[in-house]
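Remarks on the structure that follows.
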């Protein structure tokens with residue numbers, strides 16, 4: 001019996017030992033499994049990101065997501081992130097810098113945009129050159145080392161509720177200062193092009209103070225968000241020839257405006273409403289900032305032999321367009337049903353036909369010579385009957401903007417798509433880099449729409465095209481204006497835009513951000 005008891009005790013001890021071993025192994029396994037992203041330490045995470053971000057991968061701005069096309073982020077990954085099914089990420093690196101991808105970057109970008117150091121856009125997880133440049137501007141203003149790296153101190157200051165908003169002032173240098181100086185020169189507050197040097201010196205400070213005094217702002221000599229917005233608004237008051245003045249210089253440029261077909265009254269040297277309107281029209285036709293003032297660049301362009309004369313072109317609308325359409329219809333070039341007041345593709349084709357039959361340059365725009373011929377019934381050559389054009393010509397159903405994606409709409413989307421991947425640069429208008437408004441400006445001009453350069457705030461009330469106020473009514477080819485941003489609508493709910501968050505031109509889905517920040521859209525075609 002004692003022998004049997006000893007045998008049983010031996011088995012009990014062996015079973016207990018085996019159980020202890022199993023428990024220890026299980027505990028070790030569980031402990032290992034509870035260490036989140038154990039391989040992504042601060043030392044190894046940048047190496048992992050670098051391995052994921054090979055330059056040959058076509059991306060939409062969120063590094064590490066490979067694509068088969070130009071269309072932007074991987075839809076399955078995006079859907080997973082939106083539904084909360086995305087894999088958890090590790091802690092943010094101590095130093096956020098170029099090449100890093102993390103949700104902390106989105107938070108940083110959003111705050112930089114709010115403070116005015118970065119152009120407003122949908123924040124991304126990608127820390128690219130644009131984010132680094134924005135961080136440098138913040139560091140410059142806050143007396144930090146300007147390395148473009150968002151380390152603990154820089155991040156703490158950016159995310160602080162007491163963070164300073166963007167401003168430039170005496171002693172600061174940079175490309176942004178040079179752009180501000182250039183606009184001050186255009187408005188007559190800096191008297192010489194030599195003053196545009198990129199350094200905010202005493203002359204620049206005096207110019208800013210005078211600008212603020214004349215425009216009833218707080219004259220502190222600093223350029224913050226309010227002063228920047230003023231510089232590019234149509235309401236800004238210049239420091240030179242403007243409405244109400246009278247001089248031989250005004251008379252000189254009125255004669256040139258008359259010669260180019262912009263001034264409809266006789267030149268008299270008085271800077272009246274007709275002169276303001278003529279200058280604005282000239283600026284719009286010649287790719288200048290539309291402000292109605294005779295600034296240095298406007299005067300230089302006006303005196304050039306290549307200055308573009310006045311004329312109605314594709315995308316225009318109004319009574320002048322309607323009158324031209326009535327004349328085209330009268331001469332048999334345009335069906336009466338297309339007399340809508342909108343200058344669409346059918347009207348453009350009718351103008352080309354008229355110009356060819358009347359020995360004019362067939363460019364499809366109604367300039368001085370074409371208008372003179374149209375309004376002289378004794379000389380205009382009629383067609384006899386309409387050429388059979390219908391509302392379906394060129395892929396359009398009718399001139400009012402209801403159309404399938406073809407013709408000029410497709411040309412606009414193709415022009416925009418051709419620039420996908422090129423870098424975002426604040427204030428750039430192409431052809432090798434863009435900001436959001438410069439991108440729209442370049443694309444429209446590539447397809448024959450002579451639209452002047454406007455910032456996104458200027459596009460809010462342009463009033464020149466068909467206005468779309470319902471986000472759900474956006475169609476491909478429409479210009480979408482967001483709060484501080486803009487882009488070109490593409491098919492299937494996508495958009496092509498120069499994105500500060502991505503640091504380049506991207507072709508992507510319109511997310512909830514686009515709906516939440518929507519201001520208005522404009523239908524060009």
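The values are calculated or read from the model by the stated rules, or taken from the named source; none is laboratory data. None of the values given here were measured: they were computed from a predicted structure. Note: ideal-geometry Cβ built from the backbone for every residue, glycine included; neighbour counts use all protein chains shown.
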Looking at (1) within 23 Å of residue 331 (Cα to Cα); (2) touching a helix residue (DSSP H, G or I) at 6+ places or on another chain (Cβ under 8 Å); (3) outside any loop (DSSP other than H, G, I, E, B); (4) modelled with pLDDT of 50 or more, which is the only condition residue 369 fails? (2)
Any residue at all in the stretch 441-458 that is without any contact (Cβ under 8 Å) to a residue 12 or more places away in the chain, assigned to a loop (DSSP other than H, G, I, E, B) and farther than 17 Å from residue 232 by Cα? no
Note on the stretch 318-349: residues in contact with a strand residue (DSSP E or B) (Cβ under 8 Å, 6 or more places away or on another chain) and surrounded by 20 or more Cβ atoms within 10 Å (Cβ to Cβ) are 321, 324, 342, 343, 344, 345, 346
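Within the stretch 218-270, track down each residue that is assigned to a strand (DSSP E or B), over 21 Å from residue 166 (Cβ atoms) and in contact with a helix residue (DSSP H, G or I) (Cβ under 9 Å, 6 or more places away or on another chain).
Restricting attention to the stretch 218-270, the residues satisfying the condition of being assigned to a strand (DSSP E or B) are 223-224, 246, 270.
Filter once more, so that each one left must be over 21 Å from residue 166 (Cβ atoms): 246, 270.
Hit for the stretch 218-270 is 270, nothing else.
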Since residue 322 meets every condition but one in (1) within 18 Å of residue 368 (Cβ to Cβ); (2) part of a helix (DSSP H, G or I), which condition does it not meet? (1)
Among the residues of the stretch 455-474, is any within 25 Å of residue 282 (Cβ to Cβ) and at pLDDT 95 or above? no
So in the stretch 96-117, with the set limited to residues that are in a helix (DSSP H, G or I) and in contact with a strand residue (DSSP E or B) (Cβ under 8 Å, 6 or more places away or on another chain), which one is surrounded by the fewest Cβ atoms within 10 Å (Cβ to Cβ)? 104
Keeping to the stretch 147-190, report how many residues are without any contact (Cβ under 8 Å) to a residue 24 or more places away in the chain, part of a loop (DSSP other than H, G, I, E, B) and surrounded by 14 or more Cβ atoms within 10 Å (Cβ to Cβ). 2
Verdict on residue 216 being within 19 Å of residue 168 (Cβ to Cβ), within 31 Å of the chain's Cα centre (by Cα) and not assigned by TED's automatic domain parsing to the domain that holds residue 288: no
I need the full set of residues from the stretch 476-501 which are out of contact with any helix residue (DSSP H, G or I) (no Cβ under 8 Å at 6 or more places or on another chain), in contact (Cβ under 8 Å) with a residue 40 or more places away in the chain and within 19 Å of residue 415 (Cβ to Cβ), in order please. 478, 494
Residue 388 - would you say it is surrounded by fewer than 17 Cβ atoms within 10 Å (Cβ to Cβ), at pLDDT below 85 and outside any helix (DSSP H, G or I)? yes
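Restricted to the stretch 191-214, and to residues that are in contact with a strand residue (DSSP E or B) (Cβ under 8 Å, 6 or more places away or on another chain) and not in a loop (DSSP other than H, G, I, E, B), which residue is surrounded by the fewest Cβ atoms within 10 Å (Cβ to Cβ)?
Just the residues of the stretch 191-214 that are in contact with a strand residue (DSSP E or B) (Cβ under 8 Å, 6 or more places away or on another chain), to begin with: 198-200, 208.
Still in the list and also not in a loop (DSSP other than H, G, I, E, B): 199, 208.
Numbers: 199: 15, 208: 27.
Of everything passing the filter in the stretch 191-214, 199 is surrounded by the fewest Cβ atoms within 10 Å (Cβ to Cβ).
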